[in-house]
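Since the structure comes first, as structure tokens, the remarks are kept for the end.
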Amino acid sequence: VGRWFGKVGGRLYSTTMAILTLEVYYRYLPIYEKGGGFHSDETLSLAFHNGSQRQRLQSLKIMAEQGSAMRSGVLRTALDDIDEHIRLYAAEELLKLGDHSGLPALTELLDHSNGFIRSKSMSLIARIEDPIIIPALTHALLDKHEFVAERAATMLIKLTGEDFGFKYTDTPDVKKATGKKYQT
């Protein structure tokens, strides 16, 4: 009473809506049951394989959030997607799982025309902190955006302990990694 749906639908409609609301809150809906109403993993995988770019990205995000059993396989498949944002997201999620299979995709994205994608790829590569990333870092030293090249140089210094004569602008990352000041 007093709400639009009470006037339109009556007491029965209002009670039904309240019950459905509580089912979600207390997780009584079939999707929350073991072997429930539908198999969310398969549905999300289907959405990834057959959906639009937005649907594919959204299904990957949901799989990652839910901890889906199929997520690793779908994320590895997404590394070959035509959309660079999907490849970037898949590589990031695989890194969170401790899987470095996204490194070739990240290295490839260092050549992308979009500066954000190159920068994000560099940041993700920098998370690995393993000598396996040295070729990607040396490649990124030639980036036309100074912040990407500086990040690559900083990570090389951190990994190898050598500065190799790099000369670039003094940044907090460089000070933190080396304790030294570098100037142009």
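The values are calculated or read from the model by the stated rules, or taken from the named source; none is laboratory data. The structure displayed is predicted, hence computed values, not measured ones. Cβ placement follows ideal geometry from the backbone for every residue including glycine, while neighbour counts extend to all protein chains displayed. Heads up: the accessible areas ignore ligands, DNA and RNA and are worked out on the full protein's heavy atoms, side chains in. Shrake-Rupley method; radii C 1.70, N 1.55, O 1.52, S 1.80 Å.
Would you be able to say whether some residue in the range 132-145 is closer than 19 Å to Ser45 by Cβ, without any contact (Cβ under 8 Å) to a residue 24 or more places away in the chain and open to solvent by 60 Å² or more (accessible area, probe 1.4 Å)?
Taking every residue of the range 132-145 in turn, none turns out to be closer than 19 Å to Ser45 by Cβ, without any contact (Cβ under 8 Å) to a residue 24 or more places away in the chain and open to solvent by 60 Å² or more (accessible area, probe 1.4 Å).
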- Query: Would it be correct to say that Leu94 is under 17 Å from Arg151 (Cβ atoms) and either of a type outside the set (Ser, Thr, Tyr) or in a loop (DSSP other than H, G, I, E, B) (or both)?
  - Reply: no
- Pick from the range 1-42, criterion among the β-branched types (Val, Ile, Thr) and either at pLDDT below 65 or touching a His at 6+ places or on another chain (Cβ under 8 Å) (or both), ranking: farthest from Leu60 (Cα to Cα): Val1
- Item | Residues within the range 80-96 that are more than 17 Å from Phe48 (Cβ to Cβ) and open to solvent by 40 Å² or more (accessible area, probe 1.4 Å), tallied | 1
- Test Thr178 against the stated conditions and say whether it is modelled with pLDDT under 80, open to solvent by less than 50 Å² (accessible area, probe 1.4 Å) and touching a helix residue (DSSP H, G or I) at 6+ places or on another chain (Cβ under 9 Å). yes
- Which one of Ser119, Ser72, Ser123 is under 12 Å from the mean Cα position of the chain (by Cα), hydroxyl-bearing (Ser, Thr, Tyr) and in a helix (DSSP H, G or I)? Ser123
- Query: Looking only at residues in the range 114-131 that are hydroxyl-bearing (Ser, Thr, Tyr) and surrounded by fewer than 21 Cβ atoms within 10 Å (Cβ to Cβ), which one is farthest from Gly161 (Cα to Cα)?
  - Reply: Ser119
